[in-house]
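Here's the structure, in structure tokens; my notes come after.
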Amino acid sequence: MDGREHYAFILLSSILPLVGVAAAVVLLWNRIVGPADLVAFGVMYVVAGLGVSVGYHRLLAHRALETRR
């Protein structure tokens, strides 16, 4: 995979799930999905994103995270 393909893959794999969730929310609004669900989704999305970012930062910048094979 070259740089362009890798960039396109990363962009697609981070945006496509959000588009799917948005489509599901629009189709299922007031049946299964409500405002509390959107708040929970937003909080967990931010928490997961921060966790991944902190892990990569520790691994790549400080070499302070030891991983196993």
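The values are calculated or read from the model by the stated rules, or taken from the named source; none is laboratory data. What you are looking at is a predicted structure, and each value in this text was computed from that prediction instead of being measured. Using ideal geometry, Cβ is built from the backbone for each residue, glycine included, and neighbour counts are taken over all protein chains shown. Accessible surface is based on the protein model in full, side chains and every heavy atom, while ligands, DNA and RNA are left aside. Shrake-Rupley method; radii C 1.70, N 1.55, O 1.52, S 1.80 Å.
With all protein chains in place and a 1.4 Å probe, the accessible surface of the chain carries 69 percent carbon and sulfur.
Based on the Cβ-Cβ distance of Thr67 and Asp37, what FRET efficiency does E = 1/(1 + (r/R0)^6) give at R0 = 35 Å, to the nearest 0.05?
0.55
When all alpha carbon pairs of the chain are counted in 5 Å bins from zero, the resulting P(r) reads 3, 13, 13, 17, 17, 15, 9, 7, 4, 0 %. The residues of the chain expose on average 91 square angstrom of accessible surface per residue, using a 1.4 Å probe on protein heavy atoms. Toward the positive end of the charge dipole of the chain, about the Cα centre and with charges on Cβ (Lys, Arg +1; Asp, Glu -1), which of Thr67, Gly34, Ala23 goes farthest? Comparing the listed Cα positions along the dipole, Thr67 ranks first.
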